[in-house]
Amino acid sequence: MKILLTSVLNPWESGHGGGQVLTHDLAAALARRGHEITVGYSTRDPSVIPAGLPYATDNVRHTERVYLTPLKRALRVAKRGVGRWDIVHAQGLEGAFLSLALKRACPLVTTSHHPDPPELRVAPARWRPLARMRWVWLHIAALLERRALIHADHVVCTSRHSEILLRSRGYLRSDARVTVVHSGVSVAGVEATAQRAHVLLCVARLDGHKGIDVLLQAIARLGPETGLLEIYGEGLEEARLKNLARSLGIEHRVSFRGRVARGDVLARIAQAEVLVLPSRAENFPGVVLEAMALGTAIVATNVGGIPEAVTSEREALLVEPNDPQALADAIGRLARSRDLRQELAANAFARAREFTWERSATKLEGLYQGLLHRPSTAASNDPCGPASRDSER
């Protein structure tokens, strides 16, 4: 099949998240299965796209005005000719206007990677015009994502939790066809190391929903025997988090490493004793799968799709979000017990074999083939009615 995947931003530029990395890994997996894959990224600097990718790219210039990227993508698809692809699979809001460009020439699939999509069932239908305009402006990204999902012939969610949120918060038609396909994991040839560095690792964007402030408060409750905390990532909260570390008196126990190449981060995960993910909200975070595949013990929050990947006390220690003491207790348990770290890591390593990109690509391949033999069903109405509880598995 000839398949177009689309993504806002790309895995090689500042500001990207897990969704862009997952799009790259999915494209590579589909290409290995013999499909002709094109990925439509948006880029600030086209030269960052590496040569030698196993798929073609068709990029548009990225703009921080979020509403322009979907328009650019739709215009690019229309210009290229709607008959050149068998399937188009949008990875988020950039698919908002693709149905108009495709004109039903091929099926449109849409995935949302959003960890915590805002509620859209409270749209101000009877508010004053200025209040309504303000609400729309504040929710423009979410409304574009909803449009992309509404007009899809099929919706793919990367976790069951994501489907529940999208249905309950007004992003899906009541009759939307939804399939959950968990992401796979790729560790790019990196192998676990027997001798582990005495460090705690956190790999996350420095945004509010990642809960790094809670992690810093937890570290302040622990002694230095737990090891150095290394934080890999960038984001709008960086300055505030560094100030918080100083105010807690732990700046000498925390190292902010910034944005680091993916291969280097994977190598560090493979060396660390513990990976910590203190998020307030998640979809199906790839870094948890990476730690599992690299045999690294995990402490994470019991949010989003994380419990779909690991079970607490078996493959990881899970705590409730926004609870620094519970997080500190879990980290302390792992710091004190090598046996517990090894037991959890071994169980997680075995469980990681269930999350392969080959399996994910095979499931999507079957979905795509089914769509090619099924009439288009996407409707143009807004999904503000009751959400159906049925979904395809």
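Residue 216 - would you say it is crowded, with 22+ Cβ neighbours inside 10 Å and under 27 Å from residue 253 (Cα atoms)?
Numbers: crowded, with 22+ Cβ neighbours inside 10 Å: yes; under 27 Å from residue 253 (Cα atoms): yes.
So residue 216 fits the description; yes.
Output the residues belonging to region 31-48 that are under 19 Å from residue 73 (Cβ atoms), hydrophobic (A, V, I, L, M, F, W, C) and at pLDDT 95 or above.
Across region 31-48, the qualifying residues are 37, 39.
Need the failing condition index for residue 15 against (1) touching a Gly at 6+ places or on another chain (Cβ under 9 Å); (2) assigned to a loop (DSSP other than H, G, I, E, B); (3) at negative phi, just the number.
Only one criterion is unmet by residue 15, namely (3).
Which condition breaks for residue 74 when tested against (1) surrounded by 17 or more Cβ atoms within 10 Å (Cβ to Cβ); (2) within 28 Å of residue 185 (Cα to Cα); (3) in contact (Cβ under 8 Å) with a residue 24 or more places away in the chain; (4) out of contact with any strand residue (DSSP E or B) (no Cβ under 9 Å at 6 or more places or on another chain)?
(2)
For region 84-118, which residues satisfy the criterion of being farther than 21 Å from residue 369 by Cβ and touching a Phe, Trp or Tyr at 6+ places or on another chain (Cβ under 8 Å)? Show your work before the answer.
Our first condition is that a residue be farther than 21 Å from residue 369 by Cβ; within region 84-118, this holds for 92-94, 96-97, 100-101, 103, 112-118.
Once the filter is applied, which keeps residues that are farther than 21 Å from residue 369 by Cβ and touching a Phe, Trp or Tyr at 6+ places or on another chain (Cβ under 8 Å), region 84-118 yields 112, 117.
Just checking, does region 40-63 include any residue being more than 23 Å from the chain's Cα centre (by Cα), touching a residue at least 24 places away in the same chain (Cβ under 8 Å), surrounded by 13 or more Cβ atoms within 10 Å (Cβ to Cβ) and assigned to a strand (DSSP E or B)?
No, there is no match, as no residue in region 40-63 is more than 23 Å from the chain's Cα centre (by Cα), touching a residue at least 24 places away in the same chain (Cβ under 8 Å), surrounded by 13 or more Cβ atoms within 10 Å (Cβ to Cβ) and assigned to a strand (DSSP E or B).
So which residues in region 228-261 are buried (at least 20 other Cβ atoms within 10 Å of the Cβ) and over 26 Å from the mean Cα position of the chain (by Cα), if there are any at all?
Result: 245, single match.
For region 211-233, give me each residue that is closer than 15 Å to residue 277 by Cα, touching a Leu at 6+ places or on another chain (Cβ under 6 Å) and not in a helix (DSSP H, G or I).
Selection gives 229, 230, 233.
Listed residues 228, 216; which is under 24 Å from residue 303 (Cβ atoms) and outside the structural domain of residue 366 (by TED's automatic domain parsing)?
On the way: 228 fails: under 24 Å from residue 303 (Cβ atoms).
Going through 228, 216 in turn, just one is under 24 Å from residue 303 (Cβ atoms) and outside the structural domain of residue 366 (by TED's automatic domain parsing): 216.
Would you mind finding the one in 142, 125 that is modelled with pLDDT under 95 and in contact with a His (Cβ under 9 Å, 6 or more places away or on another chain)? I'd like the intermediate steps shown before the answer.
Values: 125 fails: in contact with a His (Cβ under 9 Å, 6 or more places away or on another chain).
Answer to the check: 142.
Select from region 83-126 the residues that are among the hydroxyl-bearing types (Ser, Thr, Tyr) and surrounded by fewer than 24 Cβ atoms within 10 Å (Cβ to Cβ) and list them in ascending order. Walk me through how you get there before you give the answer.
Taking region 83-126 first, the residues among the hydroxyl-bearing types (Ser, Thr, Tyr) are 99, 110-112.
Within region 83-126, just 99 meets the criteria.
At least 1 residues that are under 21 Å from the mean Cα position of the chain (by Cα) and of a type outside the set (Ser, Thr, Tyr) in each: list the helices (runs of 4 or more DSSP H) lying fully within region 278-381 that qualify.
In region 278-381, 286-293, 306-309, 338-352, 357-372 are the helices (runs of 4 or more DSSP H) which contain 1 or more residues that are under 21 Å from the mean Cα position of the chain (by Cα) and of a type outside the set (Ser, Thr, Tyr).
Return the only residue of 121, 134, 167 being farther than 23 Å from residue 9 by Cα, in a loop (DSSP other than H, G, I, E, B) and of a type outside the set (S, T, N, Q).
On the way: 134 fails: in a loop (DSSP other than H, G, I, E, B); 167 fails: in a loop (DSSP other than H, G, I, E, B).
Every option except 121 fails the conditions.
Name the residues in region 246-276 that are in a helix (DSSP H, G or I) and of a type in the set (A, V, I, L, M, F, W, C), would you? If you could, list the steps in order and put the result at the bottom.
The first filter runs over region 246-276 and keeps only residues in a helix (DSSP H, G or I), leaving 246-247, 251-253, 262-271.
Passing the criteria: 265, 266, 267, 269, 270.
The values are calculated or read from the model by the stated rules, or taken from the named source; none is laboratory data. Keep in mind that what you see is a predicted model, and the values were worked out from it rather than measured. Cβ sites come from the backbone with ideal geometry, for glycine too, and all protein chains shown count toward neighbours.
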